[in-house]
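Below: the structure, in structure tokens.
Laboratory data are not the source of any read-out in this text; all were calculated from the coordinates shown. Since the structure is predicted, the reported quantities are computational estimates derived from the model, not experimental observations. Note that each Cβ is placed from the backbone with ideal geometry, even for glycine, and that neighbours are counted across all protein chains shown.
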Amino acid sequence: MKVSVNLPHHPYDIVIEKGSIAKAGQWAANLWKPQKVVIITDNRVKGLYAQKVQASFEESGFEVAVFDFPEGEAQKNLVTVHQVYEFLVKAGMTRSDGIVALGGGVVGDLAGFVASTYMRGIHFLQIATSLTAQVDSSIGGKTGVNTPFAKNMVGTFAQPDGVLIDPEVLSTLGRRELIEGMGEVIKYGLIADKQLWHLLESMSGVEDILPNAEQIIYHSCQVKRQHVVEDELDNGIRLYLNFGHTIGHAIEQTAGYGKIMHGEAVAIGMVQISRVAEKKGLMPVGITDQIIAMCQKFGLPTDYEPWEIDALYNALVHDKKARGSKIKTVIVPELGRARLNAIDLEEMKEYLEK
């Protein structure tokens, strides 16, 4: 399967193919000339796939080095970025060379940020190995790292030259990591794809994720592609993709990066904002219950303790979606459709009340 991201200035393809990770070098050789390549990955993914990917790239004529860092959201920061810069300099990387992100969302965000800022930008590829990365974070060109103030506060828009997705690698994910990716998948069904929502309804639970992985990934990538092509820089409909994220990011930051996984926080965020939106008459009564039931079917949390409103609100003030004294949130007025709901920051406190 192939999904084309038809951006006028930088078109590229998302390739979804079982077993493709073993042929990553051949895929890259169709996109790049032979050059120096640094594969950026984390220590867990390195042990699983780095040797295989490196060998494939070398067989295709690339000169390859591998940089790895400890896994986890807590490592996605400017300290790690500096370490990668140092590695790139010592490896003799120039503006004609490339970076390959091999891993999940943390690796992809960090590697993309490094590629977009090293020597004012070098090209890069995404090889996504987690469900979250395969359905969401590897696509669309958002890069970023965390600060103590907010998640992904420092970042750029930089599109990859291609995205490679091998659904078979999902079998090596831990159960929690696999479930976490379903937070983004459920979001896509809610905001834009009734067919995907119905597919999820037909599944019995976690045990059905891997058998349906290709369809789940394809539907999700199509939704992401559509929103990115229409609104690359996140000023209009691409904001719909942030359903659940405004509160979700605040949960991740206040809990301590890595304690609540991204997809888990998104699930909690979707439930919380929908519950309050229903009370305010902005969403029909009953959608929140459907969201809760779907999240629970796939093992996602729908609540979080301790729920500290002041701490969450302080994190929200620094959210990238804040514009002056307002913040753009997303609601779902009906299944398969999203709408922006700009509110005063002060009113956002009401959306944090249980």
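Before moving on, here are some points about what is shown:
- Cα-based shape type of region 2-167, given that a ≥ b ≥ c are square roots of the gyration tensor eigenvalues and the cut on a/c is 1.5: rounded
- Summarising the label geometry, the points placed 7 Å from Cα in the beta-carbon direction at Asn6 and Lys326 lie 3.2 nm from one another.
- Here r is the Cβ-Cβ distance between Leu335 and Val229 and R0 is 22 Å; the resulting FRET efficiency, rounded to 0.05, is 0.40.
- Helix 78-90 axis, angle to the chain major axis (alpha carbon atoms, nearest 10°): 10
- Residues in region 38-54 that a label on Asp161 would reach, taking backbone N under 15 Å of a point 7 Å out along Cα→Cβ: 38-40
- Under 19 Å from the Glu214 label point (7 Å along Cα→beta-carbon), backbone N, region 116-133: 128-131
- Ala65/Lys18 FRET efficiency (R0 30 Å; Cβ-Cβ; nearest 0.05): 0.60
- Rounded to the nearest 10 degrees, the angle from helix 105-117 to the longest Cα principal axis of the chain is 60 degrees.
- Largest first, the extents of the alpha carbon coordinates of region 259-342 on the three principal axes equal 36, 30, 19 Å.
- Compactness of region 14-68, expressed as Rg and Dmax over alpha-carbon positions, Å: 10.9, 29
- Helical runs (DSSP H, four residues minimum) scored at -39500 (n - 2.57) apiece and divided by the length of the chain put the mean residue ellipticity at 222 nm at -12000 deg cm²/dmol.
- Residues considered: Val38, Val79, Val106. Largest GNM mean-square fluctuation over the chain, using C-alpha springs under 10 Å, is found at Val79.
- Couplings for region 279-284, taken from phi via the Karplus curve 6.51 cos²θ - 1.76 cosθ + 1.60 with θ = phi - 60°, read 4, 7, x, 8, 9, x Hz in order; Gly and Pro are left as x.
- Distance (nanometres) between label positions extended 7 Å along Cα→Cβ at Arg95 and Val285: 6.2
- Summarising the label geometry, the points placed 7 Å from Cα in the beta-carbon direction at Gln296 and Gln51 lie 4.5 nm from one another.
- In region 206-354, the inverse of the mean reciprocal separation of distinct Cα atoms equals 16.0 Å; this is its Kirkwood hydrodynamic radius.
- Cα-based radius of gyration of region 68-125 once divided by 2.2 N^0.38 Å, which approximates compact folds: 1.03
- Over the chain, all Cα pairs binned in 20 Å intervals from 0 give whole-percent P(r) values of 32, 58, 9, listed from short to long.
- Computed from backbone phi with θ = phi - 60° and the Karplus coefficients 6.51, -1.76 and 1.60, the 3J(HN,Hα) list for region 214-219 is 4, 5, 4, 5, 4, 4 Hz; x is used for glycine and proline.
- Cα gyration tensor category, rounded, prolate or oblate, for region 172-212 with a/c compared to 1.5: oblate
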